[in-house]
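Okay, structure first, notes after.
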Amino acid sequence: MNTRSILIVDDNEEIREMTRAILEGAGYRAATAASGREALAAARDSFFDLVLLDINMPGMDGWETLRLFKADDVLGMIPVVMFSVKKELSDKVQGMQEGAEGYITKPFGMDDLLVRVRRVLEARGAAGPTLPAATPAP
């Protein structure tokens with residue numbers, strides 16, 4: 001199987017692990033980082049098809065991390081999707097202006113996360129596993 005690899009970057013361990021479980025359950029390989037610095041180091045050590053990046057993190061926030069990813073000749077090729085509790089349109093616009101390929105607002109539903117991840121990967125020609133059909137709401 002040609003499994004795609006996703007790096008989840010969030011300072012909240014519960015969110016990292018929940019997101020990892022969702023992605024791995026859908027057939028993706030998932031790794032985690034608790035900070036922007038960890039994310040940059042992990043991306044330099046391993047190949048990732050996508051990075052899910054939180055904005056509100058201590059030290060280096062998601063905006064600075066995104067800028068460093070996009071400024072790097074190699075890391076800049078990895079699509080980055082911001083994922084944050086920030087719901088303002090200005091945050092979403094800033095993400096796109098800074099080079100993010102998408103924006104997911106937390107809390108997110110499992111189907112929403114998987115569809116958005118798949119869309120970004122498909123746009124890059126790297127869709128990965130086939131996702132199960134969404135279950136209708138009761």
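Here are the numbers:
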| item | result |
| --- | --- |
| Residues satisfying the stated conditions in the stretch 97-109, i.e. more than 14 Å from the chain's Cα centre (by Cα) and either surrounded by 15 or more Cβ atoms within 10 Å (Cβ to Cβ) or under 23 Å from residue 71 (Cβ atoms) (or both) | 97, 98 |
| Test result for residue 13, closer than 21 Å to residue 112 by Cβ and of a type outside the set (S, T, N, Q) | no |
| Strands (runs of 3 or more DSSP E) fully within the stretch 1-53 counting 3 or more residues that are among the β-branched types (Val, Ile, Thr) | 5-9 |
| Candidate set from the stretch 110-125 (those that are of a type in the set (A, V, I, L, M, F, W, C) and under 14 Å from the mean Cα position of the chain (by Cα)); member that is surrounded by the fewest Cβ atoms within 10 Å (Cβ to Cβ) | 115 |
| Among residues of the stretch 68-94, those that are surrounded by 14 or more Cβ atoms within 10 Å (Cβ to Cβ) and outside any loop (DSSP other than H, G, I, E, B), counted | 12 |
| Complete set of residues in the stretch 18-54 that are of a type in the set (S, T, N, Q) and surrounded by fewer than 18 Cβ atoms within 10 Å (Cβ to Cβ) | 46 |
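Readers should treat all values here as calculations from the given coordinates under stated rules, not as data from a laboratory. Worth saying up front: this structure is predicted, and the values here are computed from it rather than measured. FYI the Cβ positions are ideal-geometry reconstructions off the backbone, even for glycines, and counts take in every protein chain you see.
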